[in-house]
Amino acid sequence: MKAFIKGILALALALGVGYIGFMALTEDQDQSYSLTYGTIDKSFEARGYVIRNEVLLTTESEGQVRYLAAEGQKVRKNESVAQIVMGVDMDMPPDEEPPPRTPEGVQVDLDNIDYEINYLHAKILNDLSRGSYREIHLLKEALNLALSKRQRYSGLLEKTQGPQVNEIQENEVSELKAPVSGVVTYYFDGYEDVFRTPDLFRIDFEKLISEEITVKNRSTQVARVGDLIYKVVDSNALSLLAILPKEAMDYLQIGAAMTLEFEFDEITGSIVELYYQEDYIGVLFDTDQIISDFQKIRQVDVTLHPTNFKGLKVENSSLVKQDGHFGVYVMNVQNKPVWTMVKILGYDADHAIVAKDSFILNEGYQELKVSTVGLHDEVLRNGAKYAE
């Protein structure tokens, strides 16, 4: 009997020790994981604005309008688009609704740019005098952007090209011709002078996205001197300005290609310019593809799909910020946690993609090579627990 009891106790002890060992191993495995390669797919919903090379045409004649080209029709240079028959009864009522006009206040105030420059300059001088160099590099980048914005603003003394006249009068008939080859449209929105590439940095994005742009067909039976009659739009290419929150800047760089997904179309565009403002960033895409009804639409919802981010994949719970830089705790050869700086290439709600082995860090006026995590490094979860 005693032998039986001793056997039971020995078995229970063995099971207990085994259970404790299993739990310790499980807990240890749950606390850390090995780094492997991974990717993150990221997309952004944005308000987009179609930017076209377009020529507005007015008339110097009065009379009855005859349209010779349909909406969206391609025409060649000097091809007839419409006729105005002069000398007819002009008692016919003109269109009661005036052409759409650009709302006031959608452009950045020049005084705000000057204030930004003065503030950043003073901030840099103050930090230098106190020996605080941590944010100097970022402040210099912001100042250079503001100075560039101010210079380009001042350089826009030449006015944007206004409406043109291209017609020939003969025998009481005025022939309106296409000044360039392209697509004819009779739709106007009043923003034709705003959405020109040299002017885009002047737009206040916060005010712009609060506006609903109305596009109207301005075709009419009767024309008077100075009336807008039609537009000719370049059909070989277009641009798109997408407005995003500033948090998206981590995923954007000039020259990068993205897929632009619309309700009925999907095209590819390249980033050619970035416009930074306080809460938003404007992304200008160029593309040699067009979308349905491109000649008449202006405001459109678009989904941006950046190139996938590839690198070492870490869990977001592992990230710990120290002295303004992100890092993770890695188990060293002595089995102790050591904080290691990382460079985040992309992220989503659960994971981040980081650089492998080393990266360049801009610190003040210096570029430092930083050693970072490598493939199969053992990284700790819930990194904040190990912060000193």
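Evaluate the following for Asn308: is it surrounded by fewer than 18 Cβ atoms within 10 Å (Cβ to Cβ) and touching a Ser or Thr at 6+ places or on another chain (Cβ under 8 Å)? First the steps, then the outcome.
Details: surrounded by fewer than 18 Cβ atoms within 10 Å (Cβ to Cβ): yes; touching a Ser or Thr at 6+ places or on another chain (Cβ under 8 Å): yes.
It is true that Asn308 is surrounded by fewer than 18 Cβ atoms within 10 Å (Cβ to Cβ) and touching a Ser or Thr at 6+ places or on another chain (Cβ under 8 Å).
Within region 202-233, being farther than 27 Å from Tyr280 by Cβ and of a type in the set (S, T, N, Q) holds for Asn217, Ser219, Thr220, Gln221.
Screening region 236-258 for residues that are assigned to a loop (DSSP other than H, G, I, E, B) and small (Gly, Ala, Ser) and picking the one that is farthest from Leu345 (Cα to Cα) gives Ala237.
Quick check on region 245-261. Is at least one of its residues more than 24 Å from Leu139 (Cα to Cα), at pLDDT below 90 and among the charged types (D, E, K, R)? Within region 245-261, none of the residues are more than 24 Å from Leu139 (Cα to Cα), at pLDDT below 90 and among the charged types (D, E, K, R).
For a quick check of your reading: which strands (runs of 3 or more DSSP E) sit entirely within region 40-79 and have at least 3 residues that are more than 30 Å from Phe262 (Cα to Cα) and outside the structural domain of Val106 (by TED's automatic domain parsing)? Lay out the reasoning, then the answer.
Numbers: elements: 44-51, 54-58, 63-67.
Where strands (runs of 3 or more DSSP E) fall fully within region 40-79, none carries at least 3 residues being more than 30 Å from Phe262 (Cα to Cα) and outside the structural domain of Val106 (by TED's automatic domain parsing).
Count of region 297-348 residues, restricted to those that are within 19 Å of Phe359 (Cβ to Cβ), part of a loop (DSSP other than H, G, I, E, B) and of a type in the set (A, V, I, L, M), is 2.
Note on region 337-367: among residues that are among the charged types (D, E, K, R) and at pLDDT below 90, the one that is farthest from Glu135 (Cα to Cα) is Asp350.
From the list Val320, Val354, Val302, Val333, the one residue that fits, being over 25 Å from Leu274 (Cα atoms) and surrounded by 14 or more Cβ atoms within 10 Å (Cβ to Cβ), is Val320.
When you check Tyr251 against the structure, is it closer than 23 Å to Tyr191 by Cα and not assigned by TED's automatic domain parsing to the domain that holds Ala146, yes or no? Against the criterion (closer than 23 Å to Tyr191 by Cα and not assigned by TED's automatic domain parsing to the domain that holds Ala146), Tyr251 does not qualify.
The values are calculated or read from the model by the stated rules, or taken from the named source; none is laboratory data. Keep in mind that this is a model prediction, so the values were computed, not measured. In this analysis, Cβ positions are derived from the backbone assuming ideal geometry, glycine residues included, and neighbour counts consider all displayed protein chains.
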